[in-house]
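Here's the structure we're looking at; comments come further down.
What follows draws every value from the coordinates through simple rules; no lab data is involved. The model shown is predicted, which means the values in this text are computed figures rather than measured ones. Cβ placement follows ideal geometry from the backbone for every residue including glycine, while neighbour counts extend to all protein chains displayed.
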Amino acid sequence: MLLLKTECETCHAPLPNSGPDAYICTIECTFCESCTEETHKGFCPNCKGNLVLRPTRPQKFIEKYPQRDE
Ligand SMILES: [Zn+2]
Ligand SMILES: [Zn+2]
């Protein structure tokens, strides 16, 4: 189960589940769109994996499995 972290690890912008612009790597380092594209150029600075658009979690699952950072 994805953690769906709550903020960008670089600039700490909030990244709610409903937002369209959260990116994750394979181990769930999480970044906003501008950090992903402009700062990191599509690759995770921690593990060097590629960053992809994070899927949103349907509301009925968010109630059961809320966003968390760890
Ligand atoms: Zn950011
Ligand atoms: Zn990573």
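Miscellaneous remarks
- Taking the Cα centre of the chain as reference, the dipole from Cβ charges on Lys and Arg (+1) and Asp and Glu (-1) amounts to some 300 debye.
- Mean Cα-pair separation over length for the chain, i.e. relative contact order, pairs under 8 Å, 6 or more apart, %: 35
- Binned Cα-Cα distance frequencies in region 1-60 - 10 Å width, integer %: 27, 59, 13, 1
- Note on K41: aspartates and glutamates with a C-alpha under 13 Å away, same-chain residues under 8 apart excluded, are E33.
- In the chain, a dipole from Cβ-located charges (positive for Lys and Arg, negative for Asp and Glu) runs towards its positive end, and of S18, F61, H40 it is F61 whose Cα lies farthest in that direction.
- GluC sites (Glu not before Pro) within region 32-62, DSSP loop, no more than 10 other Cβ atoms inside 10 Å: none
- Each residue of region 49-65 was assigned a 3J(HN,Hα) from its phi angle through the Karplus expression (A = 6.51, B = -1.76, C = 1.60, θ = phi - 60°), giving x, 6, 9, 10, 4, 6, x, 7, 9, x, 3, 5, 7, 4, 5, 8, 10 Hz with x at Gly and Pro.
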